[in-house]
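Chemist: Would you mind keeping the following structure in view while I ask a few things?
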Amino acid sequence: MLAKVTIIGRPNVGKSSLFNMMTGHKIAIVADEAGTTRDISEFEYTDDKNDLTYILADSGWLDFSSEDDEVAVDITERTQRAIVESDLLIWVLEYDRFTDLDESIYKVLRSQKNKNFIILANKADNENQVMEAYSLAGKGEMELFPVSSSHNAGIGDVKRFIAKFLVSKGLNYKKGLDDDTLKIAFIGRPNVGKSSIVNTIVGSDRVMVKDMAGTTRDAIDTKFTYAETEFTLIDTAGIRRLSKVWTRNVENWSIMRSERALKRADVIAVIVDGFEWIVQQDLSLIGRVADEKKGLIIVVNKWDMVLNKPGVDKAHMMERYTAYLQEKIEFLPWVSVIFTSATEKKRLTNILDEAITIAWERQKRVKTSVFNEFLEQAIYKHPPTGNKKSHSPKIYYGSQVDTNPPKFVLTVNNPNHFHFSYKRYLENKIRDNFGFAGTPLTIEYNGRWKYKWVSK
Ligand code: GDP
C-alpha cells in the first residue's frame with residue numbers, strides 16, 4: 001500500500017507552493033476548487049533519488065474571506081482528518097511567527113499518541129532567517145526543517161527524511177520497472193487446458209516473448225509484449241512441467257502453485273472446463289482470487305466441445321452458461337467471462353485484452369473531492385441503517401487510499417453501528433459511478449470515536 005504524507009497548516013503559510021515545489025507539478029493546485037472545504041490535492045510522487053513512491057497530499061484550506069472562527073474549525077477538522085488518513089504529517093509554519101491558528105493545530109497534534117509529524121519553518125529565505133526558524137523547535141515534533149519553498153531551499157533534506165521515515169515503517173513501495181508490467185497468472189484444476197492456453201498464447205504471432213527469467217528454482221516467469229503492453233506471465237514453468245509431476249502429488253502441488261501465483265499476480269485467469277461445468281474446486285479457486293483482491297477473469301475453456309454436443313443451442317449457449325455462472329458466483333456482475341477453445345485457438349488473446357482493461361481499472365484513483373461529492377449523494381439516496389434502534393450510523397467523509405487493488409476508507413462515527421448490507425450498497429454505487437470492472441474493491445470503516453481525545 002502506498003504511504004500518504006499530508007501537508008497541513010493554517011492559510012498563507014505556503015502549503016501550496018511547497019506542494020508544487022515537492023511534486024514539480026505547478027498546475028496541481030490551480031486545478032482544484034479553492035474555497036470549498038474539499039479542495040484536497042493528492043499526487044502520487046516518485047522520489048527517484050530516494051527510491052520511493054508515496055502520495056503527497058495538501059490538506060487544503062478555506063477561503064481567505066472566511067470568518068476566523070470558521071477557519072479555526074476547518075483547520076482543526078482537516079488536521080484530525082489528516083492524522084487519521086496519513087502516515088506522516090508535514091506541518092508548515094512561517095519561520096518567524098506562531099499564531100492562534102497555529103496553536104489550534106498544535107492542540108490537535110499534541111493529543112496524538114504517535115507524534116508522526118515534522119515541522120517545516122517556511123519562508124526562511126536567508127541564513128539569519130534559518131537561524132531564527134529554530135526558535136520554533138521543541139513542539140513535540142520529530143524534526144524541524146527550516147525551508148524556503150519559493151527558493152527551493154531545504155526541500156531535499158525534507159524528502160530524505162520522509163523517505164527514511166517511511167522505509168523504517170515498512171512503507172517502502174517503489175514504482176519500478178518490474179511493477180510496470182502487467183502480472184498475469186493462469187490457474188485452474190489439472191486438465192482444464194491451462195498449458196494448452198498458455199503455450200498457444202505465448203506462441204501466437206501477436207505476442208512477442210522477450211525472455212524467461214528464472215526467479216527461484218521452480219518459478220519461471222515469461223515476459224512478453226502484447227498490444228503495446230508489457231506482461232509478466234507468472235509461474236509458467238509450473239504450467240509447462242505439469243505433465244511430468246502429474247502422477248505424483250498433483251493435488252497439493254497444483255494448490256501450492258496456485259497460491260504462489262495468486263499472491264504475485266495482478267490479474268488472474270481462472271480456467272474452468274466448460275464441458276464439465278463448474279465444480280467445487282473451481283469455486284474455491286475463484287473465491288481465493290476474490291479474497292486476495294486480485295483482478296479476475298473466468299475462462300470457460302473447451303468451448304468447442306460444448307458446442308459440439310448433440311442438440312446444443314449454439315446461438316444461446318454463452319448466455320445460458322453465463323446465467324449458470326451467475327447462480328454459482330454471487331459477485332459475477334463485476335467479473336469478466338471469456339469462452340475459449342485452446343485447440344481451435346478461439347478468443348485466447350481476448351484474455352490479454354481483458355487483463356489490460358482490468359489492470360487500468362485497478363490503477364484508477366478517484367479524487368477525494370469527487371469521491372466525497374459522490375458519497376454525499378449515495379448517502380442521501382439511501383442513508384445507512386443501524387444494527388439496533390439506538391444506533392445512528394454516520395459517515396463523515398471518505399477517500400480512495402490505495403490502487404491495485406482499489407481501497408476506500410470511510411471515516412464514520414462507529415463502524416459497529418452499520419448494518420452489514422450497507423457496504424454492499426456502497427460498493428454497487430461505487431461501481432455504477434466509477435467502474436472498477438474486473439477487480440474486487442475494499443471498503444473500510446474507520447471509527448472517529450477512536451480519536452475522541454481531540455479537543456473541539
Ligand atoms: P492443464 O492441465 O490445465 O494444463 O491442461 P492441458 O492444457 O494439458 O489440457 C488437458 C487436455 O485437454 C489436453 O488433452 C488438451 O489437448 C485438451 N484441451 C485443452 N484445451 C482444449 C480445448 O479448448 N478444446 C478441446 N477440445 N480440448 C482441449
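The values are calculated or read from the model by the stated rules, or taken from the named source; none is laboratory data. These numbers come from a predicted model, not from an experiment. Cβ coordinates were reconstructed from backbone atoms using ideal geometry, including for glycine residues, and neighbour counts include every protein chain displayed. Heavy atoms of the whole protein, side chains included, go into the accessibility calculation; ligands, DNA and RNA do not. Shrake-Rupley method; radii C 1.70, N 1.55, O 1.52, S 1.80 Å.
Chemist: Counting only residues 5 or more places away or on other chains, whose amide H sits under 5 Å from the amide H of A342 once H atoms are built in the peptide plane?
Modeler: K302, W303
Chemist: Across 10 Å bins from 0, what is the distribution of all Cα-Cα pair distances for the range 90-187, in whole percents?
Modeler: Result, from short to long distances: 14, 36, 27, 12, 8, 3, 0 percent.
Chemist: If you don't mind, another one. Under a 5 Å amide H to amide H cut-off, with H placed in plane at 1.01 Å, what residues pair with K394 once short-range neighbours are removed?
Modeler: For K394, the qualifying residues are N413, N414.
Chemist: Something else about it: Compare the peptides 323-336, 260-273, 283-296 by average per-residue count of other Cβ atoms within 10 angstrom and give them in order, highest first.
Modeler: In decreasing order of mean packing, 323-336, 260-273, 283-296 become 260-273, 283-296, 323-336.
Chemist: Next up: Applying the Karplus parametrisation 6.51 cos²θ - 1.76 cosθ + 1.60 with θ = phi - 60° to the phi angles of the range 92-104, what ³J(HN,Hα) value in whole Hz is obtained for each residue in order, glycine and proline being reported as x?
Modeler: For the range 92-104, the Karplus-derived couplings read 9, 10, 8, 4, 10, 8, 9, 8, 4, 5, 4, 4, 5 Hz, x marking Gly and Pro.
Chemist: Cross-link candidates for K123: which aspartates and glutamates have Cα within less than 13 Å, leaving aside residues fewer than 8 places away along the same chain?
Modeler: E94, D96, E132
Chemist: Let me ask you something else. Compute, for Y445, the solvent-accessible surface of its heavy atoms (probe 1.4 Å) with the complete set of protein chains present, and express it in square angstrom to the nearest 10.
Modeler: 40 Å²
Chemist: Still on this structure, please answer the following. Per residue of the range 356-367, in order, report the coupling 6.51 cos²θ - 1.76 cosθ + 1.60 (Karplus, θ = phi - 60°) as ³J(HN,Hα) in whole Hz, putting x for Gly and Pro.
Modeler: Ordered by residue, 3J(HN,Hα) equals 5, 4, 5, 4, 5, 4, 6, 7, 5, 10, 8, 4 Hz.
Chemist: Could you tally the net charge around Y226, taking each other residue with its Cβ under 10 Å from the Cβ of Y226, Lys/Arg +1 and Asp/Glu -1?
Modeler: Taking every other residue near Y226 into account, the sum is -2.
Chemist: Could you pull out every residue, at least 5 positions away or on a different chain, whose amide H is within less than 5 Å of the one on Y45? Hs are placed 1.01 Å off N in the peptide plane, and Pro or chain starts have none.
Modeler: Excluding prolines and chain starts, which carry no amide H, the hits are Y54, I55, L56.
Chemist: Looking at the range 375-418, which trypsin sites (Lys or Arg not before Pro) are in a loop (DSSP not H, G, I, E or B) and have at most 11 other Cβ atoms within 10 Å?
Modeler: Taking the range 375-418 and a limit of 11 other Cβ atoms within 10 Å, the loop trypsin sites (Lys or Arg not before Pro) found are K388, K389.
Chemist: Moving to a separate point now. Taking the Cβ of V279 as the centre, find all other residues whose Cβ is under 11 Å away and add up their charges (Lys, Arg: +1; Asp, Glu: -1).
Modeler: It works out to a net charge of -1.
Chemist: Using the Kirkwood formula over every pair of different C-alpha atoms, what hydrodynamic radius in Å results for the range 354-456?
Modeler: 14.5 Å is the Kirkwood radius here.
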